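The values are calculated or read from the model by the stated rules, or taken from the named source; none is laboratory data. Predicted model only: the values in this text are computed from it and were never measured. All Cβ positions, even for glycine, are placed from backbone atoms using ideal geometry, and neighbour counts span all protein chains on display.
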2 protein chains.
Amino acid sequence: MTPLADGPESTTLSPHVRQKRQRRRAEILHAALRAFRENGYHATTLEDIAEHLGVRKTALYHYFPDKEAILYACHRESLGEIERMMKSARKLATASERLAYVIREHVRIMTETLEGSPLAFEVTAFSPDRAGEIIAARDRYERWLRKIIDQGIKDGEFRAVDSKIAVFAVLGAINWIARWYRPEGTIHAPELGREFAEHLVGGLTCG
Amino acid sequence: MTPLADGPESTTLSPHVRQKRQRRRAEILHAALRAFRENGYHATTLEDIAEHLGVRKTALYHYFPDKEAILYACHRESLGEIERMMKSARKLATASERLAYVIREHVRIMTETLEGSPLAFEVTAFSPDRAGEIIAARDRYERWLRKIIDQGIKDGEFRAVDSKIAVFAVLGAINWIARWYRPEGTIHAPELGREFAEHLVGGLTCG
DNA sequence: TCAAAATTTGAATACCTGTTCAAATTCAGG
DNA sequence: CCTGAATTTGAACAGGTATTCAAATTTTGA
């Protein structure tokens, strides 16, 4: 019994057990991210994820109510990091500095936390209610990026580009990392972040 | 009978019938691209595709041996356009001009021919043999792009960037179009191509 | 108009995978 | 240790969907 599944990691669990449970949840998310990276959400089976952990697929149901909940948890974690990053970007003064910082940090999140998993690719996999939340958070991020660029234009740092299009270019370059980046490859994450920042910010400053 | 399915649109078909058959194949590909754009390859059912055509799913088997073959045909068509574009880019002299042209044309292909369908997202859906051909063509395109950038660096037009990373930034921005572009939206394809070209080429020239 | 060919259909099949559940196993902690 | 809780397991179920195939329908071309 005890189909706790998910819910508030709340009550009546001894600290030790609760810790262990949370660690296992993290391991499952980790394995899921790797699997999603290889094959995408739909083509990934629960057995693929379980196999990474040396366990049978039914064991996963002790931690998540269904497959979608795993994808959802991955998104939540990812969006949380993005929002933390948005806050810490406040300390930068100019639009160029801020945008460069955001690009470097987003690249770092993609490569470190997500292992380059193409989370942003899988929005359509959610049932309507959950999709709403994810899409809202994504839109908030996009609008925030757009404001940075508009500010840069107003301050004369950037050319008078269409900021909507520019944001899509930036996010496209970053999200696409999921399609080719491999942690064990020759391209290293910090350099990747720097190069992307120079390329994408540079394209706005010069004319 | 006559399970011709695919194969060389070759023999023993009266011209009129052959033409009609090819038109139907094109219609199927068209419908498939639209469906793939909405939901991705795996989440798209043969019935989804058939519905667009007002026909039952089993009818599709008269034109393609299986679902994967439909995706394969979409890729072939897309890669054909890319290769034509590569040839026509020869007439441009400088690396900047050539790269800008390629970006504008690739954007046009994404928005017009493919209706913004995320073909490049679905490479992992193929069985090994077919995957090889698609990946080889994609790699050829990437190497060709990289040469343009390396030439630009040598000629002093571009900064001394890592051309591999720069190519990924360019392709990421372009392929990501599939995730947000809608033909009926406010952003128009030609402007999109121009903005992308200025942004992504500009990021290499200035510094 | 008519026969042969092409196309479409509907029913049936087979397989895959997400999910449930009760039983077995492992673990926590006094 | 020992007991109850937590975790894992294996078997079975359920729903969906790609695929097959023979029959029905439509189209071709003379």
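Data overview
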{"quantity": "Within the range B:182-194, tally of residues that are within 8 Å of another protein chain (Cβ to nearest Cβ) and either basic (Lys, Arg) or surrounded by fewer than 22 Cβ atoms within 10 Å (Cβ to Cβ) (or both)", "calculated": "2"}
{"quantity": "Near pairs, Cβ below 7 angstrom, 6+ apart or cross-chain, from the range A:9-34 (within 18 Å of residue A:69 (Cβ to Cβ)) to any residue that is more than 15 Å from DNA strand C (Cβ to nearest atom) and modelled with pLDDT of 90 or more", "calculated": "A:29/A:77"}
{"quantity": "Pair list, Cβ < 6 Å and 6+ apart or interchain, from the range A:46-74 residues that are farther than 14 Å from residue A:35 by Cα to residues that are in a helix (DSSP H, G or I) and more than 10 Å from DNA strand D (Cβ to nearest atom)", "calculated": "A:60/A:46; A:64/A:70; A:72/A:130; A:73/A:29"}
{"quantity": "Test: residue in the range A:143-158 that is over 17 Å from residue A:204 (Cα atoms), out of contact with any His (no Cβ under 7 Å at 6 or more places or on another chain) and without any contact (Cβ under 8 Å) to a residue 24 or more places away in the chain", "calculated": "yes"}
{"quantity": "Test: residue A:43 is more than 30 Å from residue A:101 (Cβ to Cβ), within 14 Å of chain B (Cβ to nearest Cβ) and of a type in the set (A, V, I, L, M, F, W, C)", "calculated": "yes"}
{"quantity": "Tally, over the range A:163-186, of residues that are at pLDDT below 95 and either in contact with a Phe, Trp or Tyr (Cβ under 8 Å, 6 or more places away or on another chain) or not assigned by TED's automatic domain parsing to the domain that holds residue A:151 (or both)", "calculated": "6"}
{"quantity": "Residue match in the range A:43-63 (condition: more than 30 Å from residue B:44 (Cβ to Cβ), within 12 Å of DNA strand D (Cβ to nearest atom), assigned to a helix (DSSP H, G or I) and not aliphatic (A, V, I, L, M))", "calculated": "yes"}
{"quantity": "Hits in the range A:14-42 (condition: more than 18 Å from the chain's Cα centre (by Cα) and in a helix (DSSP H, G or I))", "calculated": "A:15, A:16, A:17, A:18, A:19, A:20, A:21, A:22, A:23, A:24"}
{"quantity": "Matching residues in the range B:27-42 - criterion: being charged (D, E, K, R) and either near DNA strand D (Cβ under 8 Å from one of its atoms) or in contact with a Gly (Cβ under 9 Å, 6 or more places away or on another chain) (or both)", "calculated": "B:37"}
{"quantity": "When residues of the range B:140-164 are limited to those that are among the β-branched types (Val, Ile, Thr) and crowded, with 19+ Cβ neighbours inside 10 Å, the one nearest to the other protein chains (Cβ to nearest Cβ)", "calculated": "B:161"}
{"quantity": "Candidates A:178, A:120, A:131, A:137 - the one that is facing another protein chain (nearest Cβ under 9 Å), of a type in the set (A, V, I, L, M) and in contact with a helix residue (DSSP H, G or I) (Cβ under 7 Å, 6 or more places away or on another chain)", "calculated": "A:120"}
{"quantity": "Index of the failed condition, residue B:173 passing every other in (1) within 12 Å of residue A:171 (Cα to Cα); (2) more than 7 Å from every other protein chain (Cβ to nearest Cβ)", "calculated": "(2)"}
{"quantity": "Yes/no for residue A:105 being touching a residue at least 40 places away in the same chain (Cβ under 8 Å), surrounded by fewer than 21 Cβ atoms within 10 Å (Cβ to Cβ) and in contact with a helix residue (DSSP H, G or I) (Cβ under 7 Å, 6 or more places away or on another chain)", "calculated": "yes"}
{"quantity": "Hits in the range B:184-206 - residues which are farther than 11 Å from residue A:204 by Cα and outside any helix (DSSP H, G or I)", "calculated": "B:184, B:185, B:186, B:187, B:188"}
{"quantity": "Unmet criterion (only one of (1) under 30 Å from residue A:38 (Cα atoms); (2) touching a residue at least 12 places away in the same chain (Cβ under 8 Å)) for residue B:128", "calculated": "(2)"}
{"quantity": "Where residue B:174 falls short, out of the listed (1) among the β-branched types (Val, Ile, Thr); (2) touching a residue at least 24 places away in the same chain (Cβ under 8 Å); (3) more than 23 Å from residue A:198 (Cβ to Cβ)", "calculated": "(3)"}
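Residues are listed down the side, and each one gets a yes or a no for (1) under 28 Å from residue B:192 (Cα atoms); (2) among the β-branched types (Val, Ile, Thr); (3) surrounded by fewer than 21 Cβ atoms within 10 Å (Cβ to Cβ):
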{"position": "B:35", "(1), (2), (3)": "yes, no, no"}
{"position": "B:38", "(1), (2), (3)": "yes, no, yes"}
{"position": "B:71", "(1), (2), (3)": "yes, no, no"}
{"position": "B:76", "(1), (2), (3)": "yes, no, yes"}
{"position": "B:131", "(1), (2), (3)": "no, no, yes"}
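Yes/no matrix, rows are residues, columns are (1) more than 14 Å from chain B (Cβ to nearest Cβ); (2) within 12 Å of DNA strand C (Cβ to nearest atom); (3) not hydrophobic (A, V, I, L, M, F, W, C):
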site	(1), (2), (3)
A:62	yes, yes, yes
A:80	yes, no, yes
A:85	yes, no, no
A:89	yes, no, no
